[in-house]
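No value in this document is a laboratory result; all are computed from the given coordinates. None of these values were measured; they are calculated from a predicted model. A quick note on method: Cβ atoms are made from the backbone with ideal geometry, for glycine too, and the neighbour counts reach across all protein chains shown.
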Amino acid sequence: MDRTEMREKLEKKLTQKRYEHSLGVEYVSGCLAMVYGADVEKALTAGLLHDCAKCLTGDEKIARCTKLGLPVSDVEKKNPELLHAKLGAYYARTKYGVTDENILSAIEFHTTGKPDMNVLEKIVFVADYIEPNRRPLNEIAEIRKEAFTDIDTCIVHILKNTLSYLETSTAQTDEMSVKTYEYYVKKRG
Ligand SMILES: [Fe+2]
Ligand SMILES: [Fe+2]
């Protein structure tokens, strides 16, 4: 399936707002790939599809993962929102014909990141946070600049903001976000 077909299909599955966000992440992923020497086409595809499973209710997300035999942790049960990433990777493979493992894993880890990400995983993680349609978040101008100049610093900055936001809200922190944060803080020394 080429990206035009993917877009047509995706548009039917997402709300207008989520679709526009996806286009934003698609283009920003492509730009970051140019800066960091990653495969631009793969980055565009991963960015476009990263939220393809987003517009389902929490119960639907849990039900589909269970049916498909995808593991659901306790934190994910309480925050089914988190499941859209691994469910998205599954749908990218089965419904959008993506076979490239790097694209699939960039989709799977776009929400939490993970320690020692490859360049495509970093790109989609960052693009999701900085794309221009997002409503402005704390320190976004600085984070956007870091995205294009020092992506590891940018990752730490994003996770620091996300984790401190989660502390003040009822949403639970996924263990993986904490692990990612600690890994990149250490890596930067
Ligand atoms: Fe997402
Ligand atoms: Fe997203």
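Once you list every other residue whose beta carbon is under 14 Å from the beta carbon of Val75, what net charge do they have if Lys and Arg are +1 and Asp and Glu are -1?
Numbers: positive: Lys61, Lys77, Lys78, Lys86, Lys179; negative: Asp74, Glu76, Glu81, Asp174, Glu175.
Surrounding charge for Val75 is 0.
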Inset, instruction - Report the dimensions of the stretch 1-87 along its three principal axes from the alpha-carbon atoms, largest first, rounded to Å. - result: 38, 27, 22
Inset, instruction - Describe numerically, in nm with one decimal, the distance between label points set 7 Å from Cα along Cα→Cβ at Asn133 and at Tyr27. - result: 1.0 nm
Legend entry - Neighbour net charge for Cys55 - beta-carbon separation under 14 angstrom, K R +1, D E -1: +3
Legend entry - Distant alpha-carbon pairs in the chain (separation over 23 angstrom), percent: 38 percent
Inset, instruction - Name the lysines eligible as straight-distance cross-link partners of Lys77: C-alpha to C-alpha under 18 Å, and not fewer than 8 places from it in the same chain. - result: Lys54, Lys61, Lys67, Lys86
Legend entry - Coordinate range along principal axes, alpha carbons of the stretch 114-172, Å, largest first: 32, 25, 17
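By how many nm would the segment from Ala141 to Ser73 lengthen if fully extended, with 0.36 nm per residue of separation less the alpha-carbon distance?
21.0 nm
How large is the convex hull of the Cα atoms of the stretch 19-64 per residue, expressed in Å³ as a whole number? Don't skip to the end; give the middle numbers.
Working: hull volume 3.2 nm³, N = 46.
Dividing the Cα hull volume of the stretch 19-64 by its residue count gives 69 Å³.
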